[in-house]
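Here the structure is laid out as structure tokens; the discussion comes afterwards.
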């Protein structure tokens, strides 16, 4: 941050330097996965990198109308929605039954896990014939099993696209002015 001794960025000035330092710090110190083990953020980072190469762009911890919160929700160039549920511990994976509630809000659903959990997701209770599987670490990710495409109904798609866009815009606004908060 600007401390009075730090020279301004050339041709930008002191005021812009404050803004630049704040925005960069905000982007690095993400509020996503703050209550999760550090490996969850690392898996999310790998998945996000993979998705960017596939022209999908994700928002973390996306609230859904049913009260659930998707770990990652991504949008593609045609408005397709993908939800990713991140699991980093065997006990969390085995004890999770809420992921069925995500299926009605996306065209595709993926599990994202570190390599040591991938084999567990072959079990029938995790719907391997429908749900995709991504194995990830902090550097990258790979789609091990593609998700089945189940198109959303047009009215649901419109509602979810608007919700996604407004949520993403709200987060960007909060980066510029933190007093705007992170309201759902």
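To keep it simple, each residue is scored yes or no on (1) free of Cβ contacts under 8 Å to residues at least 60 places away in the same chain; (2) surrounded by 13 or more Cβ atoms within 10 Å (Cβ to Cβ).
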| site | (1), (2) |
| --- | --- |
| 52 | yes, no |
| 60 | yes, yes |
| 79 | no, yes |
| 100 | yes, no |
| 105 | yes, yes |
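Among the residues of the range 135-147, not a single one is more than 21 Å from residue 51 (Cβ to Cβ), at pLDDT below 95 and assigned by TED's automatic domain parsing to the domain that holds residue 57. Within the range 87-98, the residues that satisfy the criterion of being surrounded by fewer than 17 Cβ atoms within 10 Å (Cβ to Cβ) and in contact (Cβ under 8 Å) with a residue 24 or more places away in the chain are 89, 90, 94, 98. Taken as a whole, the condition of being in contact (Cβ under 8 Å) with a residue 60 or more places away in the chain, buried (at least 18 other Cβ atoms within 10 Å of the Cβ) and assigned by TED's automatic domain parsing to the domain that holds residue 145 does not apply to residue 84.
For residue 153, indicate whether it is out of contact with any strand residue (DSSP E or B) (no Cβ under 9 Å at 6 or more places or on another chain), assigned by TED's automatic domain parsing to the domain that holds residue 44, surrounded by fewer than 16 Cβ atoms within 10 Å (Cβ to Cβ) and within 19 Å of residue 56 (Cα to Cα). In short, no.
The residue pairs whose first member lies in the range 112-133 and is within 18 Å of residue 102 (Cβ to Cβ), whose second member is part of a helix (DSSP H, G or I), and whose beta carbons are closer than 6 Å, counting only pairs six or more residues apart or on different chains, are 112/43; 112/47; 128/122; 133/121.
Here is a check on your reading of the model: is residue 40 farther than 17 Å from residue 164 by Cα, at pLDDT below 95 and part of a helix (DSSP H, G or I)? So residue 40 passes the test.
When you check residue 72 against the structure, is it closer than 22 Å to residue 172 by Cα, touching a strand residue (DSSP E or B) at 6+ places or on another chain (Cβ under 6 Å) and surrounded by 14 or more Cβ atoms within 10 Å (Cβ to Cβ), yes or no? Yes; evaluated as a whole, the condition is true for this residue.
The values are calculated or read from the model by the stated rules, or taken from the named source; none is laboratory data. Note that the structure is predicted; figures quoted are calculated from it, not measured. Virtual Cβ from ideal backbone geometry, glycine too; neighbours counted across all protein chains shown.
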